[in-house]
Amino acid sequence: MEMTTDGGLACGLVLCGPDQLVENLAPIAAAGYAGVELHPPHLDAYAADPAAGAAARDAIAAAGLAIACANVNVLRDSEFPDTTFARLDAALALGAPRVFALMGNAQGGTWEEALRRFRAVCDRAGEHGAQVVLHHHAGTPVTGAASIERFLDEVDRPNAGLLFDTAHWALYEDDLAGAYARLGGRVDYVHAKDLAAPGRELMDGRPGDTLEGVRDLVPSYADVGAGVLDLAGFARVLSDGGYGGWTTIEMETLRHASFAEQAAFNAAAWRALAPAGEEATT
């Protein structure tokens with residue numbers, strides 16, 4: 001099976017640990033995914049055991065899948081730089097073309113410190129030709145359009161890009177379909193997930209300046225097409241705008257009997273959102 005190199009539909013492996021990865025690769029490929037997104041448990045395991053990392057890399061390729069991205073997690077005091085760089089180096093050894101990171105709590109640290117840390121990750125990844133995409137995320141200083149634009153302008157690194165997350169955007173901004181145009185071509189990677197209720201309603205009265213303060217939002221991240229977001233409109237915008245990068249469907253809650261069943265459901269649901277006559281491969 002020919003491996004897709006960069007772009008298509010990817011499966012987020014938040015709920016699929018390193019011990020379950022290999023057994024789930026065939027079902028992921030059969031569901032129509034072209035890639036997978038790795039997370040800290042995978043990278044930590046492969047940093048500790050490079051042979052296991054090499055075996056995982058080979059198994060992913062043998063299944064006809066690519067590594068779309070890897071999550072080096074939060075750039076915060078407890079993980080930066082040692083844990084962050086260990087994860088980054090493990091991702092680079094696997095051949096990941098990009099990694100993503102998010103900032104620490106909005107109430108902690110400074111804007112300049114956040115910039116310094118993100119630039120350091122960009123510089124280290126850039127030595128290997130890899131991209132670093134910023135995950136705008138509730139609880140961090142980078143959430144809505146203005147802070148996204150400011151942060152990426154001030155990072156000023158050629159390999160810095162944006163991970164656009166449909167749900168995290170909708171927690172702060174109302175126009176999901178207009179986001180792609182608003183962000184001026186900065187979008188290099190997409191996370192697709194739905195919300196069980198309007199974002200403003202979910203954030204109302206909630207202290208949104210720490211990651212801990214928004215952690216209980218996870219059950220509100222609905223299956224694709226099962227929430228209130230206009231993901232069909234967003235999918236049309238991606239198609240019409242010529243977006244050719246990866247779209248990863250995140251899976252943070254299992255609502256089906258197994259990871260494989262949830263992955264298959266999500267892929268089918270995303271494809272059902274495709275513009276008429278087209279297959280949603282982004």
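The values are calculated or read from the model by the stated rules, or taken from the named source; none is laboratory data. Keep in mind that what you see is a predicted model, and the values were worked out from it rather than measured. Because the Cβ atoms are built from the backbone with ideal geometry, glycine has one as well, and the counts that use them run over all protein chains shown. Only protein heavy atoms, including side chains, enter the accessible area calculation; ligands, DNA and RNA are left aside. Shrake-Rupley method; radii C 1.70, N 1.55, O 1.52, S 1.80 Å.
Which three numbers, in whole Å and largest first, are the semi-axes of the equivalent ellipsoid of region 13-109 derived from its Cα gyration tensor as √(5λ)?
Ellipsoid half-lengths, sorted descending, are 25, 14, 11 Å.
Output wanted: per-residue J couplings in Hz (rounded whole) for region 60-65, from phi through Karplus 6.51 cos²θ - 1.76 cosθ + 1.60, θ = phi - 60°, x for Gly and Pro.
4, 5, 5, 7, x, 10
Measuring from centroid to centroid over Cα atoms, what is the spacing of region 195-219 and region 11-65 in Å?
30 Å
Figure the gain on full extension for Asp230 and Asn105 (residue separation times 0.36 nm, minus the Cα-Cα span) and round it to one decimal in nm.
42.1 nm
Picking from Ala192, Ala120, Ala66, which is most flexible by a Gaussian network model of the chain using Cα springs under 10 Å?
Ala120
For the chain, what is the Kirkwood estimate of the hydrodynamic radius, computed as the reciprocal of the mean inverse distance between distinct Cα atoms, to one decimal in Å?
This gives a value of 18.8 Å.
Restricting to Cα pairs below 8 Å that are 6+ residues apart, what does the relative contact order work out to for the chain? Please round to a whole percent.
20 percent
Share of antiparallel DSSP beta bridges in the chain, in percent to the nearest 5?
5 percent
Evaluate the charge dipole of region 95-225 about its Cα centre and quote only its size in Debye, nearest 20, assuming +1 on the Cβ of each Lys and Arg and -1 on the Cβ of each Asp and Glu.
340 debye
About its Cα centre, what dipole magnitude does region 156-247 give when the only charges are +1 on Lys and Arg Cβ and -1 on Asp and Glu Cβ, stated in debye to the nearest 20?
The calculated dipole for region 156-247 is roughly 220 debye.
Once amide H atoms are built 1.01 Å from N in the peptide plane, which residues 5 or more positions from Thr248, or in another chain, come under 5 Å H to H?
Amide H neighbours of Thr248: Ala10, Val190, His191, Ala192.
I need the fraction of alpha carbon pairs in region 115-169 separated by more than 13 Å, rounded to a whole percent.
56 percent
What dipole magnitude, in Debye to the nearest 20, does the chain give about its Cα centre under +1 on Lys/Arg Cβ and -1 on Asp/Glu Cβ?
Once rounded to the nearest 20, the dipole reads 160 debye.
Among Val224, Trp169, His191, pick out the residue whose Cα is farthest towards the positive end of the charge dipole of region 126-282, where Lys and Arg carry +1 and Asp and Glu carry -1 on C-beta, about the Cα centre.
Working it through, the farthest residue towards the positive pole turns out to be Val224.
If I compute solvent accessible area with a 1.4 Å probe over the protein chains, what percent of it on the chain is carbon and sulfur?
50 percent
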